[in-house]
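Comments concern the structure below.
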Amino acid sequence: MNKAHISPAARRLWTLAALCAGCTALCALFVATRWGRLHDIEIYTEDLRLQIGRKTEADPRLVFVAIDQGSYAEDNPKGAAPRDHVVEMISGRFPWSREVWAVAVERLLQAGARVVGLDLVLNGPAEGDAELRRVLDTYTNRVVLGAAFTILNSDRGGTETLEFPSSTLIDPTLRHPGSDPRVGYVTMIPDEDDVIRTTKFREHGGIESVLPEGVEMESLAARMLRHAGYPDVIPPGYDPQRIRYAAAPGEKFIRVGLAQILEPNSWEASYRKTPFFRDKIVLIGPAADIFHDSHRTPFNRDMLGPEIHLNILSAALAGEFLHEASIGTNFAVTLWAGLVAWLLSWRFSRLFQRFSVAVLCVVLYLLTAYLLYDNASLLIAIVAPCVALLSSNITGLVYDFALVRHEKAQLRRTLERYVAKDVVRELIDNPQTYLNSLTGIRKPVTIFFSDVRGFTTMTEGMNAAVLVKQLNDYFQEMVSIVVNNRGRLDKFIGDAIMADWGSFVSAGLQTDGERAVLSALQMRTALRRLNARWQEQQLQTLAFGIGINHGEVIVGNLGSEEKMEVSVIGDAVNLASRLESLTKVYHLDLLIGESLAPLVRERFTLRTVDLVRVMGKTRPVEVFTVPEQAGEMRMILPWLEHYEEGVRFYRAQEFGKSLESFRKAAAAQPDDFLIQLYTERCHALIATPPGAGWSGVMEMTKK
């Protein structure tokens, strides 16, 4: 067919159909191969269904006895008899004598528990083995000990490890420790993203297993279910089973602290003579942070290992295992979605109508997938069908506006060579907002000035080419920090940088201020790194001063007919510039104005510098800095508390008390300039007391 005879409308439809077919084919390929980022998104949708969908009911027969913080702290359990033998043992350093586990297990079984499992690997002989062995022999098939191993040749590249209970606890005459019915493995193999979604109830020996040929071993959960009298709920075979979790981390399951079992008073009063543990399946396991026994789960939160075992037990007791739809089923659904997309592209000529119907189809499909998950425990593919269904609409939008977008991108790239990126962004993306700002608008803005110290002197002795390269390296590093923190580069003033946050786009006054201060702190780190490199190159190192202020300014397009640029003007801008100059006076690299301090105080550690009346202003301003020792997050510095106390006494004209506070601060920071400055002031004011009108304000006569 001659392309010249094809109408533009027909060409558009055929192009759209071809793109749709291509997207459908790619989605079908994804289903067949489970390849790439789409598979990660599919896994996310499955986790999302688990989070918002129906949960397995937490079985009331399950009890978690937690080895929590209160179980091993030296002053716990509270109210314990001072000479109780078991209490004395758990007051010591972990691991405890195994007599502790013997006492705990025996008490639980005597209280009526069906089975007790220990989510612990008691490998190697240890103190108390005889007592625990006695309990194991007395209550045969009612206690399960933990073991651990790593599957060989797994996708995660596991290493060959085997950890079983000590031979002093189990029968050493067995062919393999895993054959003992009182031993179950606690190992849980996560998926490639380190999330635990599945479990295996049994493992058998072979080429890809660390177990010997012919040896079969059950998991801790399987052993506990079998000994509790529920062998029929254990899934057959060796395949991983995907569980429907019963609870998010820390929710639903009955939990008792181990200390409550071991402490005589609480045991006698609350458990021994009550039906609390009667016919219960009890799991003893670590719950305190010291054990580091937590794992990623589909809930986007870590869950304790014992809690995962409880979820496995609960899912097995309720028969709540999830099943993924077969590849053939998902493939067919994806092709169906592509066919629907084709029909929509021919049936609806208007883009909005076609897109609306496609979205409606997607919503109905998502609802179907959710109902299948909730009622049939079936996980059917979501991402591939939805992408295939929406492909015609997306490609139609791209096709219709491809030329416009291309021209717009070309214009953007051209303008960005001559104009700041944020100006270009506003000019192209929000032309009305930009044009309104040309005549000037008032906005609260955070203003940032930085200046290289001693740069004029450097220019007199350095090679021009070397100096320019060094300055460009400096600008590249510092401007990148401003841009990465969403700041707007206003201009370069020689070796100085002027930037602001909020002149065009604001993330909120507090966020704008925090980003500006964070930029200054990151510049500190960057300059240290640059100086180290320059020293290796035998170049002169640089130092800078930074002033940051916040206030209402005028944002406008300033200049002449020959050249104009968007900038900010106002008193807040002037004060920011004065603060940058004041860094020389106080031997600091950063000063923050009093209007900015309340916005950033919650995020950063602020240090009072002085009460200053800068040139050109009648009202004094409070000036602050961020100590280098504090870093990028708020923290407590003991010496700083003494320093701030000294400043308060100084302004209250209690100079003797102020000196004492500064001496305490100087003990930790002997070379601190501000401490030395205030100490000298206090001595001078004690020698020559100020008058009644003294306010502690320092007058600055230079800009």
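The values are calculated or read from the model by the stated rules, or taken from the named source; none is laboratory data. Just so it is clear, the model here is predicted, and its values are computed rather than measured. Neighbour counts run over all protein chains shown; Cβ positions are idealised from the backbone, glycine included.
Things to note:
Here is a yes/no grid of residues against (1) in contact with a Cys (Cβ under 6 Å, 6 or more places away or on another chain); (2) closer than 14 Å to Y678 by Cβ; (3) of a type in the set (S, T, Y):
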position	(1), (2), (3)
G616	no, no, no
R619	no, no, no
A630	no, no, no
M633	no, no, no
I636	no, no, no
Y650	no, yes, yes
Q653	no, yes, no
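- Here S506 clears all of (1) free of Cβ contacts under 8 Å to residues at least 40 places away in the same chain; (2) polar (S, T, N, Q); (3) touching a helix residue (DSSP H, G or I) at 6+ places or on another chain (Cβ under 8 Å) except the condition numbered (1).
- Exactly one residue among L596, L606 is in contact with a strand residue (DSSP E or B) (Cβ under 9 Å, 6 or more places away or on another chain) and within 20 Å of D672 (Cα to Cα), and that residue is L606.
- The residue that is nearest to L521 (Cα to Cα), among those in the range 439-463 that are within 45 Å of the chain's Cα centre (by Cα) and assigned to a helix (DSSP H, G or I), is F455.
- Which listed residue is surrounded by fewer than 20 Cβ atoms within 10 Å (Cβ to Cβ), in a helix (DSSP H, G or I), in contact with a strand residue (DSSP E or B) (Cβ under 7 Å, 6 or more places away or on another chain) and not basic (K, R), from L335, L372, L313: L372
- Failed item, numbered, when G178 is tested on (1) outside any helix (DSSP H, G or I); (2) modelled with pLDDT under 90; (3) surrounded by 16 or more Cβ atoms within 10 Å (Cβ to Cβ): (1)
- Answer residue from the range 612-659, given it is over 17 Å from M698 (Cα atoms) and among the aliphatic types (A, V, I, L, M) and is modelled with the lowest pLDDT among those: M633
- D193 being among the charged types (D, E, K, R), at pLDDT below 90 and more than 19 Å from L322 (Cβ to Cβ): no
- Number of the condition not met by L542 [criteria: (1) touching a strand residue (DSSP E or B) at 6+ places or on another chain (Cβ under 9 Å); (2) not in a loop (DSSP other than H, G, I, E, B)]: (2)
- Strands (runs of 3 or more DSSP E) contained in the range 204-309 and holding at least 2 residues of a type in the set (A, V, I, L, M) and surrounded by 16 or more Cβ atoms within 10 Å (Cβ to Cβ): 254-257, 281-286, 302-304
- Failed item, numbered, when S349 is tested on (1) in a helix (DSSP H, G or I); (2) modelled with pLDDT under 85; (3) not β-branched (V, I, T): (1)
Here's the yes/no breakdown for (1) part of a loop (DSSP other than H, G, I, E, B); (2) touching a Leu at 6+ places or on another chain (Cβ under 7 Å); (3) at pLDDT 90 or above:
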position	(1), (2), (3)
V553	no, no, yes
E561	yes, no, no
S577	no, no, yes
L591	no, yes, yes
P598	no, no, yes
T608	no, no, yes
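- Residue that is farthest from I554 (Cα to Cα) [pool: residues in the range 507-534 that are polar (S, T, N, Q) and under 24 Å from the mean Cα position of the chain (by Cα)]: T525
- Pair list, Cβ < 8 Å and 6+ apart or interchain, from the range 303-320 residues that are over 15 Å from V195 (Cα atoms) and free of Cβ contacts under 8 Å to residues at least 12 places away in the same chain to residues that are crowded, with 24+ Cβ neighbours inside 10 Å and not hydroxyl-bearing (S, T, Y): none
- Pair list, Cβ under 6 Å, 6 or more apart: the range 591-604 residue surrounded by fewer than 18 Cβ atoms within 10 Å (Cβ to Cβ), other residue among the aliphatic types (A, V, I, L, M) and at pLDDT 95 or above: none
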